[in-house]
Structures are given as C-alpha cells and as structure tokens.
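Asker: Got a structure here, written out as structure tokens. Questions coming.
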Amino acid sequence: MKKSNLLIFLLLPLFCLAQSNLKLKGKVSNETTPLEWADVSILNSEGKIIDGYTTKQDGTFEINLKKGNYKIGISLLGYAEYEKEISIEKDTDLGIIILKETAENLGEVVIKTKKNTVEQKIDRVVYNLENNISVSCGDALAAINKAPGVVVQGSRITILGKGASRVMVDGRMIELSGEELDSFLKSISANDIKSIEVIANPPAKYEANGTGGIINIILKKGMRDSWKNATTMSYDQNKYGIYTLRNSFFYNKNKFRFAFSGNGRVGNTNNTEDLDIYYPTGLWQLRDVSKQKENSLSGRFSLDYDVSDKTTIGFQYLNESYNPDMNSNTVIKIFNNSDSVDSLLINKGFNNKYSGSKTYNAHLISKLDSIGRKVSVDLDYFSYDSRFDKNFVAKTYLPDGTYQNTNQAARNNSSQGIDNFSLKADMEHPMKAFDLSYGGKISFIKSNSDVFYYNTISGNEILDPNQSNVFEYKENNQAVYFNGNKKFNDKFSIQLGLRLESTQTNGYSETLNQEIKNDYLKLFPSLYLDYQLNDIHGFNFTYGKRINRPGFGLLNPFRSYINSNSYSEGNPFLRPSFSDNFDFTYSFKKNLRTNIFFNQTTNGYGVVFTSNPEINTQIVTRENYFNESSFGIGESYAAEVTNWFETQTSVYLLGSKTSFTSNINAVPSNSEQLYFTTENTFSLSETTKLQLEYFYSSPFRKGLYEIGYMSGLNLSVRQSFLKNNLQLNLLLNDIFNTSYLKGYKSIVNGVTQVYSQNESSRFARLSVTYNFGNKKIKVQERDFGNKEEKKRTGK
C-alpha cells in the first residue's frame with residue numbers, strides 16, 4: 001500500500017457524516033430538587049449501551065437518537081435505578097423522572113465502594129492501585145512491579161514467561177526501553193495512576209512490536225465540576241538520602257479538563273556490582289562501588305475541551321530530564337592458577353550523564369451518531385536526547401599496593417538523539433451483527449548517535465578513529481488493522497483481529513561507510529474467546545502473533561567502555577524476532593485465577609556476555625542466537641477476605657526449552673522456576689493501614705544464563721488524618737537486602753562469568769501527602785479510546 005493511499009485511509013473517518021437524529025430529553029429529580037450528575041444510559045434491543053449522558057445542574061438531559069425501540073436506564077449513587085422501554089418515532093420529552101432514595105441514603109449512611117484489586121477482561125488484566133499503600137508516594141516503576149504477573153528486574157520489565165514488555169501511558173506507547181524507560185517511569189507519581197492494564201496478547205489496535213506484551217498505565221483524570229491538588233514530600237534513606245517533591249493539580253469544569261503534575265528528585269544511591277570471570281590464566285574478581293546521582297525533574301500538562309456534546313479536542317505534553325552522574329571505583333583482583341593474587345587493577349572514573357525526553361500529543365474524539373460510531377485521531381511527536389562523557393584511569397598495583405604502571409586512560413563520550421512523528425486514526429463502528437473497529441497509523445523515526453574515544457594516557461586527548469563512530473538509523477512504519485467483536489449472549493463473546501504492518505529501515509555507519517537496509521511486510525492475527533458459565537466459573541483464551549524489533553542502541557556497531565577491561569557494542573545486522581503466544585485463564589468466583597500459557601519465539605536476539613581470553617577482556621554483544629519455547633502455569637488469588645484483611649497472592653511454575661541457532665560457542669541449559677508473591681493489607685482502624693509484601697524467585701536456568709534466587713520483604717504503614725486529606729506513610733523496602741540480582745551466570749568460549757548487582761534495593765521511605773480542593777462530585781472517568789504508541793530506545 002502506498003503511503004499516499006494509506007494517509008487517505010487514515011483521514012477517511014473524519015469525513016463520515018452523522019445520520020439524521022431525533023431528540024430525546026427529560027429531567028431527573030427526587031421528590032424536592034433536580035439531580036445533577038445522574039448517569040443516563042440508552043440501550044438497544046440487544047441490551048447493549050449505545051449512548052449515554054450525565055444530567056446538568058438543573059437535572060436535564062438531551063440525547064440524539066435514530067427512530068427505533070430502546071431502553072433508558074438512569075442511576076445515581078444513593079437512589080434506586082430507573083429503567084423504562086421507549087419507542088422513538090419523533091422528538092420525545094419524557095418530562096420529570098423521579099428517582100427514589102435508597103434506605104441507606106435516607107438514613108444518611110456513608111456508602112463506600114471500591115473496585116476489585118484485579119479484574120479479568122476479555123483481552124487484559126486490570127490492576128487497580130487504590131488498595132496498595134506501599135506504592136503511595138512512589139513512582140510508576142514501583143507501581144508496575146506490583147501488577148499481577150509483572151516483574152521489574154534491573155532495567156527490564158517483563159510479564160512472567162513472556163520476555164520484555166513495552167509500556168504505554170494512557171494508551172500511547174513510550175518510545176524508550178532499558179535505563180531510559182526506567183528514568184521516565186520514575187518521573188511519574190504513583191499517586192497519579194488510576195490503574196495498570198497487563199495486556200499479554202495485545203489486540204490488533206495496538207502495534208505488534210514487543211514479544212512480552214504491553215503494560216498500559218492509566219492516569220487519573222480528576223472529577224467533574226471540581227478541582228483537586230495533591231502535594232507529596234518524601235525522603236528515602238539507603239546509604240545516601242533522596243528527597244522527592246511531587247505535586248498534582250486537576251481542574252474539571254463544564255467543557256474544560258485541565259491537569260498538571262510536576263516531580264523533582266534530588267539525592268544519591270549506592271550501587272555495587274560484582275563480577276567473577278574465570279579466564280584460563282586465573283580468576284579476575286571485579287568489584288565496583290559507585291555513587292550515582294538521582295537528580296531528575298519532570299512535568300505533565302494536559303488540556304481537553306468539549307467542542308460539543310459529541311466532539312472533544314485535546315493536547316498533552318510530557319517532559320522529563322534526568323542526571324544520573326556517577327563516580328565509580330572498580331577494583332579487579334587478578335589471580336593466577338594457584339589462586340594467589342598476582343596484581344590489582346584499580347579503575348577510577350566519573351561519568352557525566354544526561355537524558356531527557358519530550359512528548360507532544362494532539363487528539364480529536366468525535367461521536368458520529370447515536371448507534372455508537374466514534375472516530376479518534378492522534379498526532380504525536382516524541383523526542384529523546386541522551387549524553388554521557390566518561391573519563392577513567394586504570395592503574396596496576398602489586399598485591400602489597402605498590403604502583404606498577406598506568407594500564408589505560410581514556411575519555412569515552414557519546415550522544416544519541418531520537419525523533420519520532422506519528423499520525424493515527426481509529427474508527428469504532430458498531431453493527432447489527434457485531435462491533436467493528438478499524439484504523440491505521442504511519443510513523444517516521446530517526447535516530448542519530450555518535451561515539452568518540454580519546455586516549456588520554458599521555459595527558460593529552462588523542463582521538464582514536466578505530467574506536468569512534470557516527471551512526472544514523474531511520475525507520476518508517478505503516479499499519480492498518482481490523483478488529484471484530486461479537487457478544488453472542490451474556491455468557492459468550494469472541495474477538496478477532498488482523499494487523500498488517502510494513503516496515504522500512506536504514507542503518508548507516510559514517511565511519512565504516514556501511515549501510516544496512518530492511519524492507520518487510522507482515523500480518524499479525526489475534527483471537528480472544530471469553531465464556532462466563534455463571535457467576536462462579538469463567539473461561540478466557542487468547543492468541544496473538546508478535547514481532548520484536550531491535551532497539552536503536554542495539555544496532556550501533558561501535559563500542560562504549562564500561563571500564564578499562566570491559567566494553568559494550570551493538571550489532572547493525574540484528575534482525576527482528578517473532579513469537580506466537582497462547583494464554584488460557586480459568587476464573588473461580590472472580591477471585592481465583594488459573595493461567596496456563598505457551599509462547600514460541602523464533603530468531604530470538606539478546607545480550608551475550610562473552611570474553612576474549614587472549615587479552616582478558618569482557619565483551620558485551622548483541623546477537624540473533626536462539627529459538628525458544630516458554631510455558632507455565634500460575635495461580636492467583638485476590639479477595640477482600642474480611643472487612644479488615646485483603647490479600648493478593650500468586651504462585652507460578654515456569655519452564656522453557658531453548659536451542660541455539662548461531663555459533664556462540666555455548667551450550668543451552670534450562671530448568672523450572674518457582675515464583676511466589678503475596679501482598680496483604682490489614683485495616684487496623686478507619687485511619688490506619690498496614691501492608692506486608694513478600695516475593696520469592698527460585699534459582700533457574702534459561703538458555704544461555706543461570707540466575708540465582710531472589711526474595712524480598714516489604715513493610716508499609718499508612719496513617720490518615722483530617723478525613724483522609726493528610727496521609728503519613730512509612731515504607732521499609734527489602735528489609736533483608738535479598739531482592740537484588742545475584743548469581744547471573746553464563747559460559748561462553750569456555751569462560752565462566754558470574755555477575756550480581758545491587759542498586760540500593762534496601763531503603764526506608766517516609767512521606768507525607770496533603771490533598772485539598774473541591775471534591776463534592778463523584779469521579780467521572782473518560783476513556784479517550786485513541787490508544788497508541790511511540791517506540792524503542794537502546795534496548
């Protein structure tokens with residue numbers, strides 16, 4: 001499909017004309033006064049909601065409908081629901097509709113409702129954060145780690161058994177991964193998050209990239225006809241201290257919705273890394289201790305305006321900057337074959353780092369008619385900039401500390417800039433037989449990165465052209481999709497999707513005068529079956545085909561030095577991997593979930609920690625080197641056991657089978673993994689809550705790597721004052737300091753490497769949050785429906 005034709009296809013829904021409609025109006029009241037904010041729903045003959053409205057201050061409502069038979073439903077908290085069948089042949093006025101107060105409302109009893117912590121939908125699992133107090137005053141990265149079946153390990157976010165996951169915010173893909181994605185998520189306050197959607201097999205509406213599914217963060221939208229401000233101050237204590245200030249403001253009045261949040265963070269963390277490399281000449285034992293800045297500043301601004309009852313336009317802007325400058329002190333003990341220390345290599349360095357991103361979004365949402373046809377258009381621009389400048393000096397000493405020589409001295413600096421522009425249009429088109437949605441997207445991505453290496457051993461900076469490079473990468477994508485959903489009855493529904501994606505890439509190394517091009521067209525099907533036998537038993541099956549494209553940083557062929565005897569380099573010849581994902585879920589009373597899954601990955605790529613025994617140097621490379629089958633079964637229980645005790649507990653048994661497809665001089669090895677997590681909340685009083693969390697991951701082997709056990713125990717307490725407007729929180733995270741990565745082992749080229757890393761996983765946090773504003777009206781959430789994406793950086 002040519003780009004011009006695709007652009008026309010994307011814009012076609014904008015020109016769809018609404019059909020001629022008739023007016024249905026009325027007024028909702030109790031025995032004495034009009035009722036504002038009553039929900040008015042219009043249902044068709046099949047019982048499906050096709051339109052809705054919220055009554056105005058004087059209790060009136062007005063809805064446009066075609067001729068036909070309908071059912072009207074009206075509901076408001078504290079009042080009995082109202083239902084009536086109506087026939088529309090002309091403009092109709094229902095007059096005054098009287099709602100009767102319930103007994104609870106008449107007795108002035110305060111009614112409290114809260115959503116289930118975990119909700120199963122046909123194509124995703126929804127995790128509601130309101131009941132979790134340990135993430136209060138934390139960030140989005142910590143919140144994601146609490147979602148069922150999701151694990152955050154280092155800079156990698158995964159759905160258990162499925163691999164690395166991509167992250168969206170309000171349905172828009174974040175174009176980052178790895179450390180860059182971590183810093184972005186840390187800039188979002190957990191208090192601004194309404195829920196987290198875990199989408200193991202994303203529907204055709206979403207981009208097919210990413211074998212590990214999608215994590216979608218849904219932000220709070222504020223309340224109708226109200227304003228609210230929340231200010232949070234917190235202090236984290238690890239070896240060093242971190243101060244955080246967050247503020248969120250929501251304003252929602254008449255046709256305007258406005259939101260602003262700002263986050264500032266200042267302080268340091270203590271990071272340690274241990275690496276044992278067993279060279280033929282003897283063990284090299286590396287220990288690195290670094291003090292890393294955690295200074296960051298971020299903000300989010302959004303504005304929506306209702307042009308009419310049917311059309312909304314909006315704008316959103318996100319900005320984030322992060323300065324993780326780091327002083328490192330690496331000591332390498334070099335042993336001989338007699339296990340005696342021959343010498344010491346001490347590497348001292350300073351890394352001046354910066355990363356920043358900006359996201360702009362303009363969107364339009366319009367209801368075209370009363371049968372539910374809706375069009376949404378998104379225009380997105382995303383930019384990312386990162387820089388690092390590392391100076392290091394490596395000196396050799398005898399075991400007694402006598403200086404021998406300067407082994408290496410260098411300056412290694414790099415920068416990367418990414419620009420992404422995308423246009424997306426979606427159409428929701430309910431039909432008599434089934435609900436149809438379709439749309440398309442075009443995106444243009446450009447990444448420029450450079451690496452310069454200067455030898456400074458003489459005291460002067462001398463550029464080494466053999467270790468320097470300028471690399472440019474371009475990627476263009478065009479996609480169209482169709483998705484059909486059919487609800488046969490209250491028990492059974494089916495959803496089918498097809499997504500067609502065309503991709504063109506061009507990677508060019510200016511230094512090597514080397515150009516790599518790709519051009520491919522792929523079809524990605526998806527299937528969802530949902531059967532609810534009754535209120536007790538439910539069954540859900542999903543299938544999806546996915547692609548995993550290499551991130552920009554992985555394609556840059558030149559190296560950046562970690563220390564004097566360790567460097568990392570990309571691979572411009574990396575190719576995408578593909579996966580087929582199958583999931584089956586059985587739900588019992590909506591509290592107990594059994595999940596069985598199977599995933600098949602072909603042409604998989606990943607990081608390979610290899611070594612050159614001749615020069616005793618560690619090399620971190622990227623390769624397409626494996627095919628893999630992953631499988632597992634999980635049991636999850638989430639329930640409010642009593643009015644003072646709530647639990648969310650899961651246990652997974654995971655396995656895999658891996659075969660190597662390239663000659664990396666290693667042997668695959670696989671074993672089972674047990675993963676257990678439990679989160680228990682105790683309401684000690686109306687104003688005091690205590691939460692205990694624990695997780696355990698057994699040692700396991702998967703493909704090239706063996707990973708040691710991990711576990712963690714967290715304790716958090718929340719005390720509320722001033723009718724919950726003031727909250728004091730205490731969090732003790734990883735009390736026994738056991739949740740960090742350890743025993744990460746691989747054997748390549750006959751050289752065994754064992755790695756561990758602890759990024760201040762144990763810390764204490766004290767925080768205070770104050771909420772104020774006009775909060776009289778109940779929350780009214782809007783689902784924008786224009787969900788989409790941005791992409792990858794430096795996986």
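Asker: Out of the residues in segment 355-389 meeting the condition of being hydrophobic (A, V, I, L, M, F, W, C) and over 22 Å from Ser187 (Cβ atoms), tell me which one is surrounded by the most Cβ atoms within 10 Å (Cβ to Cβ). So that I can check it myself, show each step before the final result.
Answerer: First, pick out the residues of segment 355-389 that are hydrophobic (A, V, I, L, M, F, W, C): 362, 364-365, 368, 371, 375, 377, 379, 382, 388.
Going one step further and asking which of them are over 22 Å from Ser187 (Cβ atoms), we end up with 364-365, 368, 371, 375, 377, 379.
Numbers: Leu364: 17, Ile365: 22, Leu368: 20, Ile371: 18, Val375: 24, Val377: 21, Leu379: 15.
So, considering only residues that are hydrophobic (A, V, I, L, M, F, W, C) and over 22 Å from Ser187 (Cβ atoms), the one surrounded by the most Cβ atoms within 10 Å (Cβ to Cβ) is Val375.
Asker: Only residues that are of a type in the set (Gly, Ala, Ser) and not in a strand (DSSP E or B): list them for segment 269-300, please. So that I can check it myself, show each step before the final result.
Answerer: Of the residues in segment 269-300, the ones of a type in the set (Gly, Ala, Ser) are 282, 290, 296, 298-299.
Correct list: empty.
Asker: State whether one or more residues within segment 342-349 are in contact (Cβ under 8 Å) with a residue 12 or more places away in the chain, within 28 Å of Phe184 (Cα to Cα) and in a strand (DSSP E or B).
Answerer: Let us first name the residues in segment 342-349 that are in contact (Cβ under 8 Å) with a residue 12 or more places away in the chain, namely 342-349.
This time we only want the ones that are within 28 Å of Phe184 (Cα to Cα), so: 349.
Then keep just the ones that are in a strand (DSSP E or B); that gives 349.
Yes; the residues of segment 342-349 include at least one that is in contact (Cβ under 8 Å) with a residue 12 or more places away in the chain, within 28 Å of Phe184 (Cα to Cα) and in a strand (DSSP E or B).
Asker: Does Glu614 qualify as being in contact (Cβ under 8 Å) with a residue 60 or more places away in the chain, of a type in the set (D, E, K, R) and on the phi < 0 side of the Ramachandran plot? I'd like the intermediate steps shown before the answer.
Answerer: Working: in contact (Cβ under 8 Å) with a residue 60 or more places away in the chain: no; of a type in the set (D, E, K, R): yes; on the phi < 0 side of the Ramachandran plot: yes.
In short, no.
Asker: Scan segment 119-130 and give yes if some residue there is over 30 Å from Lys424 (Cα atoms), buried (at least 18 other Cβ atoms within 10 Å of the Cβ) and modelled with pLDDT of 75 or more, otherwise no. Steps first, please.
Answerer: Pass one, segment 119-130, residues over 30 Å from Lys424 (Cα atoms): 130.
Those still in the list that are buried (at least 18 other Cβ atoms within 10 Å of the Cβ) too: none.
No, that holds for no residue.
Asker: Would it be correct to say that Leu496 is under 29 Å from Tyr206 (Cβ atoms), surrounded by 14 or more Cβ atoms within 10 Å (Cβ to Cβ), modelled with pLDDT of 95 or more and among the hydrophobic types (A, V, I, L, M, F, W, C)? Spell out how you get there, then give the answer.
Answerer: Numbers: under 29 Å from Tyr206 (Cβ atoms): yes; surrounded by 14 or more Cβ atoms within 10 Å (Cβ to Cβ): yes; modelled with pLDDT of 95 or more: yes; among the hydrophobic types (A, V, I, L, M, F, W, C): yes.
Yes, satisfied.
Asker: Being under 30 Å from Lys348 (Cβ atoms), in the same structural domain as Tyr360 (by TED's automatic domain parsing), among the small types (Gly, Ala, Ser) and free of Cβ contacts under 8 Å to residues at least 40 places away in the same chain: is that true of Gly299 here?
Answerer: no
Asker: How many residues are at pLDDT below 90 and either among the basic types (Lys, Arg) or under 28 Å from the mean Cα position of the chain (by Cα) (or both) when one looks only at segment 327-350?
Answerer: 0
Asker: Still on this structure, I have one more. Grab the strands (runs of 3 or more DSSP E) fully contained in segment 640-717, keeping just those with 1 or more residues being exposed (fewer than 15 other Cβ atoms within 10 Å of the Cβ). Steps first, please.
Answerer: Working: elements: 645-660, 673-683, 688-697, 700-702, 705-707.
Those strands (runs of 3 or more DSSP E) span 645-660, 673-683, 688-697.
Asker: Among the residues of segment 504-526, write down those that are within 15 Å of Tyr481 (Cα to Cα) and either of a type in the set (Asp, Glu) or buried (at least 17 other Cβ atoms within 10 Å of the Cβ) (or both).
Answerer: We begin by selecting, within segment 504-526, every residue within 15 Å of Tyr481 (Cα to Cα); these are 521-526.
Phe524, Ser526 - these are the residues of segment 504-526 that are within 15 Å of Tyr481 (Cα to Cα) and either of a type in the set (Asp, Glu) or buried (at least 17 other Cβ atoms within 10 Å of the Cβ) (or both).
Asker: Given the criterion out of contact with any helix residue (DSSP H, G or I) (no Cβ under 8 Å at 6 or more places or on another chain), closer than 30 Å to Gly606 by Cα and of a type in the set (Lys, Arg), identify the matching residue among Lys255, Lys205. Steps first, please.
Answerer: Numbers: Lys255 fails: closer than 30 Å to Gly606 by Cα.
Among Lys255, Lys205, only Lys205 is out of contact with any helix residue (DSSP H, G or I) (no Cβ under 8 Å at 6 or more places or on another chain), closer than 30 Å to Gly606 by Cα and of a type in the set (Lys, Arg).
Asker: Look through Arg575, Arg593 and report the one residue that is under 25 Å from the mean Cα position of the chain (by Cα), at pLDDT below 95 and assigned to a loop (DSSP other than H, G, I, E, B).
Answerer: On the way: Arg593 fails: assigned to a loop (DSSP other than H, G, I, E, B).
None of the other options fit; the residue is Arg575.
Asker: Looking only at segment 405-430, count every residue that is among the β-branched types (Val, Ile, Thr) and closer than 27 Å to Asn361 by Cα and tell me the total. Even if it seems obvious, please write down each step before you answer.
Answerer: Just the residues of segment 405-430 that are among the β-branched types (Val, Ile, Thr), to begin with: 406, 418.
Cutting the leftovers down to closer than 27 Å to Asn361 by Cα gives us 418.
So the count comes out to 1.
Asker: Let me spell it out: the conditions are (1) of a type in the set (Phe, Trp, Tyr); (2) in contact with a Phe, Trp or Tyr (Cβ under 9 Å, 6 or more places away or on another chain); (3) at pLDDT below 95, and Phe488 meets all of them except one. Which number is the exception?
Answerer: Exception for Phe488: condition (2).
Asker: Right, next: Could you please find all residues in segment 204-231 being part of a strand (DSSP E or B), more than 26 Å from Gly149 (Cα to Cα) and within 23 Å of the chain's Cα centre (by Cα)? Break it down stepwise before answering.
Answerer: Just the residues of segment 204-231 that are part of a strand (DSSP E or B), to begin with: 209, 214-219, 223, 226-231.
Imposing the further condition that a residue be more than 26 Å from Gly149 (Cα to Cα) reduces the set to 223, 226-231.
Within segment 204-231, no residue meets the criteria.
Asker: Are any of the residues in segment 435-454 without any contact (Cβ under 8 Å) to a residue 12 or more places away in the chain and either within 38 Å of the chain's Cα centre (by Cα) or surrounded by fewer than 20 Cβ atoms within 10 Å (Cβ to Cβ) (or both)?
Answerer: Pass one, segment 435-454, residues without any contact (Cβ under 8 Å) to a residue 12 or more places away in the chain: none.
No, there is no match, as no residue in segment 435-454 is without any contact (Cβ under 8 Å) to a residue 12 or more places away in the chain and either within 38 Å of the chain's Cα centre (by Cα) or surrounded by fewer than 20 Cβ atoms within 10 Å (Cβ to Cβ) (or both).
For every residue, the table says whether it meets (1) of a type in the set (A, V, I, L, M); (2) at pLDDT 80 or above; (3) surrounded by 21 or more Cβ atoms within 10 Å (Cβ to Cβ); (4) in the same structural domain as Gly497 (by TED's automatic domain parsing).
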site: Leu181; (1), (2), (3), (4): yes, no, yes, no
site: Phe184; (1), (2), (3), (4): no, no, yes, no
site: Ser195; (1), (2), (3), (4): no, yes, no, no
site: Ile199; (1), (2), (3), (4): yes, yes, yes, no
site: Asn209; (1), (2), (3), (4): no, yes, yes, no
site: Ile215; (1), (2), (3), (4): yes, yes, yes, no
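Asker: With the requirement that a residue be under 30 Å from Asp369 (Cβ atoms), of a type outside the set (Phe, Trp, Tyr) and either touching a helix residue (DSSP H, G or I) at 6+ places or on another chain (Cβ under 6 Å) or exposed (fewer than 15 other Cβ atoms within 10 Å of the Cβ) (or both), what does segment 267-310 give you? Before the answer, list the steps.
Answerer: Kept after step one, since they are under 30 Å from Asp369 (Cβ atoms), are these residues of segment 267-310: 302-310.
In the following step, the residues that additionally are of a type outside the set (Phe, Trp, Tyr) were identified as 302-304, 306-310.
Result: Val307, Ser308, Asp309.
Asker: Just checking: which of the strands (runs of 3 or more DSSP E) contained wholly in segment 391-500 hold 2 or more residues that are under 27 Å from Ser343 (Cβ atoms)?
Answerer: On the way: elements: 403-430, 435-455, 469-487.
Strands (runs of 3 or more DSSP E) meeting the threshold: 403-430, 435-455.
Asker: For the structure I just gave you, tell me whether Ile365 is closer than 30 Å to Leu65 by Cβ and not basic (Lys, Arg). Spell out how you get there, then give the answer.
Answerer: Values: closer than 30 Å to Leu65 by Cβ: yes; not basic (Lys, Arg): yes.
Against the criterion (closer than 30 Å to Leu65 by Cβ and not basic (Lys, Arg)), Ile365 qualifies.
Asker: Here's another thing I want to ask about it. Taking Leu512, is it among the hydrophobic types (A, V, I, L, M, F, W, C) and more than 30 Å from Met431 (Cα to Cα)? Explain how you work it out, then say what you get.
Answerer: Numbers: among the hydrophobic types (A, V, I, L, M, F, W, C): yes; more than 30 Å from Met431 (Cα to Cα): yes.
For Leu512, the condition - among the hydrophobic types (A, V, I, L, M, F, W, C) and more than 30 Å from Met431 (Cα to Cα) - is met.
Asker: Shifting gears a bit: Which condition breaks for Asn191 when tested against (1) under 27 Å from Gln673 (Cα atoms); (2) surrounded by 20 or more Cβ atoms within 10 Å (Cβ to Cβ); (3) at pLDDT 75 or above?
Answerer: Condition not satisfied by Asn191: (1).
Asker: For Phe626, state whether it is crowded, with 17+ Cβ neighbours inside 10 Å, assigned by TED's automatic domain parsing to the domain that holds Gly750 and among the hydrophobic types (A, V, I, L, M, F, W, C).
Answerer: yes
Asker: Sticking with this structure for a sec: Restrict the check to segment 605-620 and report whether at least one residue is farther than 26 Å from Val470 by Cβ and in contact with a Pro (Cβ under 7 Å, 6 or more places away or on another chain).
Answerer: Yes, that holds for at least one residue.
The values are calculated or read from the model by the stated rules, or taken from the named source; none is laboratory data. Everything numeric in this text was worked out from a predicted model, so none of it was measured. For neighbour counting, all protein chains shown are included, and Cβ atoms are generated from backbone atoms with ideal geometry for every residue, glycine included.
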